[in-house]
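K.L.:
If you scroll down you'll find the structure; I have some questions about it.
The values are calculated or read from the model by the stated rules, or taken from the named source; none is laboratory data. Remember, it's a predicted structure, so these values are computed and weren't measured experimentally. Quick reminder, even Gly has a Cβ in these numbers, built from the backbone with ideal geometry, and neighbours come from all protein chains shown.
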Amino acid sequence: MRGSYLRSSALVFGAAALAFVGMTDRAAANEKLVVAKSFPTSFAFVPINIGVDAGIMSKNGLDVTIQGFEGAAKLQQAMTAGQVDIGLGSGTDMAFVAKGVPEKAVAAMAGPPLAYGVFAGKGTGIDTVKDLKGKRVAVASRNSLVFWLTRHLSDKLGWGLDGINIVYVSGGNAANIAALRTNQVDAMTSGIDVGYTYEKQGLGKVIANHGDYITTYLTHAIFASKEMMEKRPEVITKFLKAWFETITWMHENKAESVKLDMKADGITDPDIASHTYDVVLPMFSRDGRFDPEALKVAAQAIVELELLPSLPDMKALYTEQYLPK
């Protein structure tokens, strides 16, 4: 009886050990990949966190390490140094490819800029977007996406590119709010989720979403390093397959997506996360194909932002060869 028990226990233990070895073998077989975001906390880049936390990346044979940088320049420095395999950045970051950064855009990540909006400070007298004419709006810098968006919002409203008085405020959202409170600016262009947060705190209100006015654009793109393209092209394909599976999963699983977004971006208010999900999710591409018209606008933006002196040949800066068939 005791011998039978010991044999059964040994069989159970052996089966468990084999299962454990199988799991560790599969984990060890997963391709290691460093994926970096050009900004650490933003719904625009949260799909990579969701893809990891929901197990989608692992299911596709990827062991992903996520990094977050404060801006495109730092991300591009890391790509140049060979520290990053896949970069998540702005469409205008394709200018860095033309400048010689060893990378190429491999997927259109997001179209219209639904992740960005204009937040007007309390007591500024700005109630609607039409009140922005001649007002002072804070943006990060002369070369930033929010600068371009603010200028073209002005143009869409019929005031020309300079109808809004743009003020450069460095130091992030805290500096922008300080500028609003001290009446140095009247409004700011920022992530739409940031605007919703400040609105709920009673500091003002969101008066515009840039994606409602700029409907043809390449807001974000996915970049792969030259080394990845030369040595591990099949891993790029695996990653993009997992990425678009993640986008589909997000569309089908709102509650879980909101929870994972809150975890990744440090959001404590579920209403803000839910609202951001509803507004921003539609901007993500479902197949990664580059829209020729959006590429034209992005090329013009690259020149306007003084990233390049003349219009680049966009066809030389991207490829669709790694996209899922």
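K.L.:
Note down all Cβ pairs under 9 Å where the first residue falls in region 278-294 and is in a loop (DSSP other than H, G, I, E, B), the second is at pLDDT below 95, and they're at least six residues apart or on different chains.
P.N.:
Close Cβ pairs satisfying both conditions: Asp287/Pro324; Gly288/Pro324.
K.L.:
A further question follows. Please enumerate the residues belonging to region 255-305 that are under 16 Å from Phe45 (Cα atoms) and of a type in the set (D, E, K, R).
P.N.:
Residues satisfying the conditions are Lys259, Asp261, Lys263, Asp265, Asp278, Arg286.
K.L.:
Could you check region 131-140 and list, in sequence order, the residues that are closer than 24 Å to Thr216 by Cβ and in a strand (DSSP E or B)?
P.N.:
Val137, Val139
The rows are residues; the columns are (1) surrounded by fewer than 18 Cβ atoms within 10 Å (Cβ to Cβ); (2) modelled with pLDDT under 95; (3) touching a Leu at 6+ places or on another chain (Cβ under 6 Å).
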position	(1), (2), (3)
Asn183	yes, yes, no
Gly191	no, yes, no
Val206	no, no, no
His210	no, no, yes
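K.L.:
Can you go through Thr237, Thr276 and tell me which one is surrounded by fewer than 21 Cβ atoms within 10 Å (Cβ to Cβ) and among the polar types (S, T, N, Q)? Step through it out loud before you land on a result.
P.N.:
Numbers: Thr276 fails: surrounded by fewer than 21 Cβ atoms within 10 Å (Cβ to Cβ).
After applying the criteria, what remains is Thr237.
K.L.:
Filter region 141-187 down to the residues that are outside any loop (DSSP other than H, G, I, E, B) and on the phi > 0 side of the Ramachandran plot and list them by number.
P.N.:
Matches in region 141-187: Gly172 only.
K.L.:
Need at least 1 residues that are out of contact with any Gly (no Cβ under 8 Å at 6 or more places or on another chain) and not small (Gly, Ala, Ser) per element, so show me which strands (runs of 3 or more DSSP E) inside region 22-130 make the cut, counting only ones lying wholly within it.
P.N.:
31-37, 62-68, 86-90, 103-110
K.L.:
Looking at Phe239, Phe244, Phe223, which one is within 29 Å of Asp287 (Cβ to Cβ), within 16 Å of the chain's Cα centre (by Cα), of a type outside the set (A, V, I, L, M) and not in a helix (DSSP H, G or I)?
P.N.:
Residue meeting the stated conditions: Phe223.
K.L.:
Oh, and also: Does Gly288 count as on the phi > 0 side of the Ramachandran plot and at pLDDT 95 or above? Can you show your working first?
P.N.:
Details: on the phi > 0 side of the Ramachandran plot: yes; at pLDDT 95 or above: yes.
Against the criterion (on the phi > 0 side of the Ramachandran plot and at pLDDT 95 or above), Gly288 qualifies.
K.L.:
Within the set of pairs 6+ apart or on separate chains, which have a first residue in region 311-325 that is at pLDDT below 95, a second that is buried (at least 16 other Cβ atoms within 10 Å of the Cβ) and assigned to a loop (DSSP other than H, G, I, E, B), and C-beta atoms under 9 Å apart?
P.N.:
Pro324/Gly288
K.L.:
Quick check on this structure: which one of Val167, Val137, Val146 is surrounded by 15 or more Cβ atoms within 10 Å (Cβ to Cβ), touching a helix residue (DSSP H, G or I) at 6+ places or on another chain (Cβ under 7 Å), hydrophobic (A, V, I, L, M, F, W, C) and not assigned by TED's automatic domain parsing to the domain that holds Val297?
P.N.:
Val137
K.L.:
Can I ask one more? Does Ala264 satisfy the condition of being in contact (Cβ under 8 Å) with a residue 12 or more places away in the chain and either charged (D, E, K, R) or over 19 Å from Leu145 (Cβ atoms) (or both)?
P.N.:
For Ala264, the condition - in contact (Cβ under 8 Å) with a residue 12 or more places away in the chain and either charged (D, E, K, R) or over 19 Å from Leu145 (Cβ atoms) (or both) - is met.
K.L.:
Out of Ala108, Ala120, report the one residue that is small (Gly, Ala, Ser), buried (at least 21 other Cβ atoms within 10 Å of the Cβ), in the same structural domain as Arg286 (by TED's automatic domain parsing) and under 25 Å from His275 (Cα atoms).
P.N.:
Every option except Ala108 fails the conditions.
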